[in-house]
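Data first, discussion second: the structure below is written as structure tokens.
The values are calculated or read from the model by the stated rules, or taken from the named source; none is laboratory data. The shown structure was predicted, so the numbers you read here are calculated from the model rather than taken from an experiment. Cβ coordinates were reconstructed from backbone atoms using ideal geometry, including for glycine residues, and neighbour counts include every protein chain displayed.
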Amino acid sequence: MMKSSSIPTPNDRISYLPNNLGEDGGCAGGFAARTPPAPPFIEMIPNFPLRGKIPRDSGSEELEKLMKRWIIFIVVVIVLVGGIFGWRAYSTNKARQELMANLQTIKVEEGALVATIGATGQVRSNQSADLAWKTSGTVEQVHVKVGDAATMDMQLAALEQTSLPQAVILAQADLVSAQKALDDLLNSDLQRAQALQAVEDAEQALEDLLNPELQQAQALQAIADAEQAVRDAERRLTSVQLTASQADIDAANAEVVLLRDRLEKAQEDFEPYEGRPQDDLERANFQSALSAAQQNYDAAVRKLNALSSTGTEVDIAEARANLAVAQAQLVDARRGYERVEDGPSDADVALLEAQLADARREWEHLQDGPPPEDVAAAEARVAAAQATLAQAYIRAPFDGIVTAVENKPGDQVNAGDPAFRVDDFSHLLVDLEVSEVDINKIAEGQEVVLSFDAILAKEYHGAVAEVALVGAEQQGVVNFTVVVELLDADEEIRPGMTSAVNIVVRQLDQALLIPNRAVRVVEGERVVYVLGNDGTIESVPITLGASSDTHSEVVEGDLKVGDEVVLNPPRELTDEGGGFGPGGRPHP
């Protein structure tokens, strides 16, 4: 038998042959020079530790054992990898089932929609004024308390006159002089009329002077009037100095007795009818007779009294003074006639011409009224004096309610110290800040619904009263101020309260509606997720129209009544390119 003394190299391929075979195919035992190749799976495994290194002296059993080990190893690896993929598939399916079980959906429907724009704001009064003192002094009177009504220009408080600064005290004198100067200017109409009348009088006087016949006739008439006045004064003096005869007195006394009897008879006749209505004819007749009897009786008494006594010393002195005046007037009248008897003198003509010229100059100065600048200056002086005097008082600037009182009588105050607050509660308003996105949907007069955290389970109504024309930028956001007026405010609403406001901008009777909760924004586009009959969820791009707090109108999009939209889509659906369920289409 041949024995091999060589050691196989790593590149040798060996196999076992029967011991009784030689190199020529005989029965000699030993290793064959030509060996079969290694199993393919061994060759495929990189860096396999026994690759090409099976010892020459190992038998076929060793090789089979090795192959079995590798087969078991590969099977285990395959089982492990398959288990991992299977577990992942199971976990995914389970997660999908859990998501599907937790989905909240609602069906698309048609219905009415009240589109609103919501905002919050604070209630304020129609007008509000914080009043402060304008000068220093001691508070003398406070006329109101918190809650009292105040009318425009009503005095709320005053300072003691003696505690005021000197400039305020002297303003009273300045006001009097300034007001007089203004009145003189404003009364220019009267001054113009008087100046024009003076011109006419001067012209008439000059014309009369230049007409001697008229002057002489007037002078003679003046003499005649004066002589008559003298005669009347003499008779009056004589009457108060003389006493009446006894016969006249007795006759007057008898007349008084007779008329007294008639008066009493008339009174008795009237008494039965006195209680009748004023329009009763019989009552009116008797009352007329009574009045006539009373008048006759009174006249008889006065006549008797006059005849029974002489005039008093005062009456006599007055009569003598009147006679002296009448005599003096007669003398003046005679002198006046003497002046015009031979015609007017040059001096008289010159005097009247000068008076006419003065009257005309005054008229020319006043005929166009006072200069406007003079009036404005006079009014300014009056206003300045009034403003200085007003510093001693606090007055209400408008009708309202006193909501704060800061002083009491005796308090020392300085200029700028707070005194009162007045609010006009006739209208309550709410100021809102509305985004530029919504401002063009809002107009004056739109209906408004308001609610308050401080007033539970109660709604109020109002209307848009004012919409700002210019927006204001704050932290990069442009907002517009909208003023809402409360129409049914009650005593529970107070200025300063916070209100949630919904402005009704549109009302639709029939619209395709979806809940606002279902709308998502993906890559700048509004979408909803629709649950199909096969369990798939697809994103559907939509365009919204009007909206309320809870629902929006769909104006464009592949939606119809009855479609189920998902209210809580999984986060994976909102990721770019994400989807859920078999056949789910990618997000646009």
Original post:
Could we say that Val566 is touching a strand residue (DSSP E or B) at 6+ places or on another chain (Cβ under 8 Å) and over 15 Å from Leu429 (Cα atoms) here?
Top reply: yes
Original post:
Just one of Val413, Val430, Val382 is farther than 30 Å from Leu170 by Cα and either over 20 Å from the mean Cα position of the chain (by Cα) or not polar (S, T, N, Q) (or both); which is it?
Top reply: Val430
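Among the residues of region 149-165, which ones are more than 14 Å from Thr388 (Cβ to Cβ) and assigned to a strand (DSSP E or B)?
So in region 149-165, the residues more than 14 Å from Thr388 (Cβ to Cβ) come out as 149-158, 160, 162-163.
Ala149, Ala150, Gln155, Leu156, Ala157, Ala158, listed by residue number.
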Subject >> Condition met for Phe425 (in contact with a strand residue (DSSP E or B) (Cβ under 9 Å, 6 or more places away or on another chain), at pLDDT below 95, surrounded by 16 or more Cβ atoms within 10 Å (Cβ to Cβ) and in a strand (DSSP E or B)) >> reply: yes
Original post:
When you look at Ala392, is it closer than 26 Å to Gln179 by Cβ, of a type in the set (A, V, I, L, M, F, W, C) and not assigned by TED's automatic domain parsing to the domain that holds Lys134, yes or no?
Top reply: yes
**OP:** Quick one: which residue in Leu323, Leu366, Leu330 is over 27 Å from Gln228 (Cβ atoms) and among the aliphatic types (A, V, I, L, M)?
**Re:** Leu366
**OP:** Determine if region 361-372 includes at least one residue that is under 43 Å from the mean Cα position of the chain (by Cα) and free of Cβ contacts under 8 Å to residues at least 24 places away in the same chain.
**Re:** yes
**OP:** Would you mind finding the one in Arg395, Arg381, Arg360, Arg335 that is closer than 30 Å to Leu237 by Cβ and either crowded, with 17+ Cβ neighbours inside 10 Å or of a type outside the set (Val, Ile, Thr) (or both)?
**Re:** Arg335
Original post:
Which is free of Cβ contacts under 8 Å to residues at least 40 places away in the same chain and either small (Gly, Ala, Ser) or assigned to a helix (DSSP H, G or I) (or both), of Asp201, Asp184?
Top reply: Asp184
Subject >> Given (1) under 16 Å from the mean Cα position of the chain (by Cα); (2) not in a loop (DSSP other than H, G, I, E, B), index of the condition Thr403 fails >> reply: (1)
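Here is a yes/no grid of residues against (1) under 21 Å from Val555 (Cα atoms); (2) of a type in the set (S, T, N, Q); (3) in a loop (DSSP other than H, G, I, E, B):
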| site | (1), (2), (3) |
| --- | --- |
| Gly496 | no, no, yes |
| Val501 | no, no, no |
| Val504 | yes, no, no |
| Gln507 | yes, yes, no |
| Gln510 | yes, yes, no |
| Arg517 | yes, no, no |
| Val521 | yes, no, no |
| Arg526 | yes, no, no |
| Val530 | yes, no, no |
Original post:
Going through region 450-477 one residue at a time, which ones are farther than 28 Å from Glu492 by Cα and either of a type in the set (D, E, K, R) or surrounded by 13 or more Cβ atoms within 10 Å (Cβ to Cβ) (or both)?
Top reply: Ala468, Gly471, Glu473
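Within the group Ala350, Ala457, Ala378, which residue is hydrophobic (A, V, I, L, M, F, W, C), within 27 Å of Val501 (Cβ to Cβ) and at pLDDT below 90? If you could, list the steps in order and put the result at the bottom.
Details: Ala350 fails: within 27 Å of Val501 (Cβ to Cβ); Ala378 fails: within 27 Å of Val501 (Cβ to Cβ).
None of the others qualify; the one that does is Ala457.
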**OP:** Any residue in region 465-478 that's more than 10 Å from Ile439 (Cα to Cα): show its pairings with residues that are assigned to a loop (DSSP other than H, G, I, E, B) at Cβ separation under 7 Å, as long as the two are six or more apart or on different chains.
**Re:** Ala465/Glu444; Glu466/Glu444; Val478/Glu436; Val478/Gly471
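Surrounded by 15 or more Cβ atoms within 10 Å (Cβ to Cβ), assigned by TED's automatic domain parsing to the domain that holds Arg124 and either over 16 Å from the mean Cα position of the chain (by Cα) or at positive phi (or both): is that true of Glu447 in this structure?
The answer is yes for Glu447.
Check Val168, Val146, Val176 and return the single one that is within 40 Å of the chain's Cα centre (by Cα), surrounded by fewer than 17 Cβ atoms within 10 Å (Cβ to Cβ) and either in a helix (DSSP H, G or I) or aromatic (Phe, Trp, Tyr) (or both). Working first, answer last.
Numbers: Val168 fails: surrounded by fewer than 17 Cβ atoms within 10 Å (Cβ to Cβ); Val146 fails: either in a helix (DSSP H, G or I) or aromatic (Phe, Trp, Tyr) (or both).
Unique residue meeting the criteria: Val176.
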